[in-house]
1. Quick one: 83, 98, fewest Cβ neighbours within 10 Å first, how do they rank?
2. By how many nm would the segment from residue 16 to residue 43 lengthen if fully extended, with 0.36 nm per residue of separation less the alpha-carbon distance?
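Each value in this text was obtained by applying a stated rule to the coordinates, not by laboratory testing. Nothing here was measured: the structure is a model prediction, and the numbers come from that model. Glycine also receives a Cβ, built like all others from the backbone with ideal geometry; neighbour counts cover every protein chain displayed.
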């Protein structure tokens, strides 16, 4: 990760990521419609203090995919959601629970 970061200035890296995540999301509308139509459960875990990917990107996704669960982690930035998961933020456990619940829902007869 460090090697890749040194190839960019902060300014270029931030704009590249912002364009990929936020700009690319707008190009995914058709895919999001297919996910919604198929009833595939989606959960987004986003650091409330994220300066890399603005919270607005997750809110845009929620607008396009109303059934998505958006979980804002207070006091977390872009890295702490993942890297401090073992220290009380519960990131991995939330994912396990979501996947388990999703798997059980898909097995239930309609």
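1. Ascending number of Cβ neighbours within 10 Å: 83, 98.
2. Taking 0.36 nm per residue and subtracting the Cα distance, the gain is 7.3 nm.
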